[in-house]
Amino acid sequence: MRYSGFRVLKEALTGHKGWKPAWRDPAPKPHYDIVVIGGGGHGLATAYYLAKVFGKANVAVLEKGWIGGGNVGRNTTIVRSNYLLDGNEPFYEFSMKLWEGLEQDFNFNAMISQRGVLNLCHTDAQRDAFRRRGNAMRLNGVDAELLDTEGVRRIAPFLNFESARFPIKGGLLQPRGGTVRHDAVAWGYARGADERGVDILQNCEVTGFRIENGVCKGVETTRGFIGAGTVGVAVAGSSGRVMAKAGMRLPIESHVLQAFVSEGLKPLLPGVITYGAGHFYVSQSDKGGLVFGGDIDGYNSYAQRGNLPVVEDVCEGGMSLMPMIGRAKLLRMWGGIMDMSMDGSPIIDRTDVEGLYFNGGWCYGGFKATPASGWAFAHLLATGTPHETATAYRFDRFRKGLMIDEKGMGAQPNLH
Ligand SMILES: Cc1cc2nc3c(=O)[nH]c(=O)nc-3n(C[C@H](O)[C@H](O)[C@H](O)COP(=O)(O)OP(=O)(O)OC[C@H]3O[C@@H](n4cnc5c(N)ncnc54)[C@H](O)[C@@H]3O)c2cc1C
């Protein structure tokens with residue numbers, strides 16, 4: 001069924017009897033050509049592009065809970081492609097371009113809103129670093145504008161410019177960055193994949209891998225054994241736990257990251273604003289809530305909830321940037337499990353087990369990567385070769401010392 005304004009009108013006039021479930025609830029088949037583990041954004045996008053771009057329809061997505069219940073439905077919805085390093089920038093710009101056409105492509109309203117992402121700088125050195133990053137972006141054909149203090153004031157006059165402990169010296173703006181309704185991305189990809197024949201199996205937890213003579217033959221699940229020619233793992237925060245079932249230890253740690261939403265306010269924020277003197281990022285949802293977040297909780301955990309010291313830290317960041325935020329009531333908060341890699345960049349690669357592939361290490365930034373990650377992983381699963389924008393995302397970069405340390409801050413998850 002194609003969604004359109006005309007369809008909404010027609011259904012409104014005929015008692016809404018024509019709507020169909022957006023995806024089926026099939027029973028697992030005994031064998032698929034490709035099994036993707038994890039029904040988050042990355043797993044569903046992989047299945048969608050496998051079917052749409054690579055013509056592979058005998059595919060299943062196995063999700064232990066419900067689709068959209070993981071990080072894809074828990075993030076702060078920011079998308080951007082303002083990266084410095086060559087290993088990252090073409091990949092994230094590929095993602096940005098896919099976001100720009102995504103709603104038409106999968107025929108689903110994901111509320112893609114390119115309202116701009118503004119990173120504030122507070123020292124001369126930070127401004128130099130932003131200038132360098134902006135130039136690197138432009139060399140890659142990506143939009144970037146360096147603003148001085150007055151330029152920032154024109155966009156966001158309510159920020160604390162004068163009396164702040166860290167005065168605002170300017171900012172790097174990516175006008176094409178913005179926000180996307182996170183769970184709609186999962187639903188849109190799920191619907192599009194299902195339409196093309198992909199089986200989406202919810203409540204189907206992978207409990208083990210069947211590996212014979214170094215070859216992955218399929219997966220053990222709570223709904224029985226499912227055979228597969230190729231298995232792709234895209235379970236984000238659960239990467240360590242799932243890959244351990246195949247006997248692998250990853251260069252990844254799982255940490256909690258929290259998100260916060262205030263009560264609904266009148267339109268205030270023009271786009272996404274990030275505070276450069278601490279870790280605080282904020283945007284305003286279409287319902288008016290201020291959506292914001294900060295640092296990871298800083299200890300390893302698989303729990304989807306965080307602790308109060310980080311709540312205090314995030315709120316302090318908000319207060320020093322825009323003190324009037326202290327008048328807003330906090331409505332809700334939650335946590336998600338982040339798959340923090342050691343250099344802050346992801347991995348999309350084959351493993352030592354034949355037929356078993358891995359996608360993970362997304363840290364704070366995997367939502368914006370969803371379309372490109374899905375496409376690149378589908379490329380790898382379908383052709384056995386990495387996509388041209390994802391050639392740097394290899395496991396062996398840690399052994400070879402070819403880190404993609406975007407922030408240049410060292411090999412510790414909490415620094416990224
Ligand atoms: C609070 C917060 C804020 C964030 N903000 C941003 C942001 O603003 N911008 C940005 O780009 N990124 C952001 N991120 C990061 C982003 O959300 C993640 O990197 C990304 O969503 C991870 O990929 P995913 O969608 O596939 O993960 P998930 O949605 O977590 O999908 C993984 C799925 O695997 C399933 N699974 C796990 N184990 C098994 C198993 N054994 N068998 C079957 N299924 C299994 C899980 O149930 C889950 O549904 C944020 C994350 C959090 C938590």
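The values are calculated or read from the model by the stated rules, or taken from the named source; none is laboratory data. Everything quoted here is computed from the prediction, not taken from an experiment. Positions of Cβ are backbone-derived with ideal geometry, glycine not excepted, and every protein chain shown enters the neighbour counts. Ligands, DNA and RNA are stripped out before the accessible areas are found, and what is left, the full protein with its side chains, is counted by its heavy atoms. Shrake-Rupley method; radii C 1.70, N 1.55, O 1.52, S 1.80 Å.
Here are some notes:
- Spatial extent of segment 35-136: Rg and Dmax, with the Cα atoms as the point set, Å: 17.2, 55
- Protein accessible area in segment 14-167, 1.4 Å probe - carbon and sulfur %: 53 percent
- Packing around the peptides 344-351, 81-88, 246-253, taken as the average count of other Cβ atoms within 10 Å per residue, puts them in this order, highest first: 344-351, 81-88, 246-253.
- Helix 370-383 and the longest principal axis of the Cα set of the chain meet at an angle near 30°.
- Antiparallel %, DSSP beta bridges [both residues in the chain], to 5: 70 percent
- Under Karplus coefficients 6.51, -1.76 and 1.60, residue-wise ³J(HN,Hα) of segment 24-29 in Hz, glycine/proline x: 6, 10, x, 7, x, 7
- Expected 222 nm ellipticity per residue - DSSP helices of 4 or more, -39500 (n - 2.57), all of the chain, to 500: -8500 deg cm²/dmol
- Set 97/368; 266/329; 56/368; 368/400; 169/329 screened for pairs whose C-alpha atoms are more than 18 Å apart: 56/368; 368/400; 169/329
- The packing ranking of peptides 326-334, 44-52, 270-278, highest mean first, is 44-52, 270-278, 326-334, where packing means the average number of other beta carbon atoms within 10 angstrom of each residue.
- The length gained by stretching the chain between residue 398 and residue 302 to full extension, at 0.36 nm per residue less their Cα-Cα distance, is 32.2 nm.
- Along each principal axis, Cα extent of the chain, largest first, Å: 66, 63, 42
- 1, 409, 338, reordered so the largest accessible area comes first (probe 1.4 Å): 409, 1, 338
- Within the accessible area of segment 308-416 (1.4 Å probe), percent carbon and sulfur: 54 percent
- Options 68, 88, 55, ranked by Cα towards positive dipole end of segment 44-127, top entry (Cβ charges): 68
- Mean Cα-pair separation over length for segment 104-177, i.e. relative contact order, pairs under 8 Å, 6 or more apart, %: 49 percent
- One chain, two ends: residue 16 and residue 146. Fully extended at 0.36 nm per residue, the span grows by 41.9 nm beyond their Cα-Cα distance.
- Pairs of alpha carbons in segment 173-281 whose separation is greater than 21 Å (percent): 61 percent
- Of all lysines in the structure, the ones whose alpha carbon falls short of 16 Å from that of residue 245, not counting any fewer than 8 places away in one chain, are 64, 217.
- Partners for residue 10 among lysines (Cα-Cα distance below 20 Å; same-chain residues under 8 apart left out): 20
- For the pair residue 1 and residue 409, label points projected 7 Å from Cα toward Cβ lie 4.6 nm apart.
- A 1.4 Å probe run over the chain, with the rest of the protein chains in place, finds 43 Å² accessible per residue.
- Taken as Cα centroids, segment 182-227 and segment 307-357 sit 26 Å apart, rounded to the nearest whole angstrom.
- Extension gain from residue 210 to residue 153, taking 0.36 nm per residue of separation minus the Cα-Cα distance: 14.6 nm
- Two-decimal log10 I(q)/I(0) for segment 107-243, as the Debye equation yields it once each C-alpha is a single scatterer, q = 0.11, 0.16, 0.20 Å⁻¹: -0.71, -0.91, -1.15
- Using every pair of separate Cα atoms, the Kirkwood estimate puts the hydrodynamic radius of segment 79-171 at 14.8 angstrom.
- Segment 297-348 shape via C-alpha gyration tensor axes, a/c threshold 1.5: prolate
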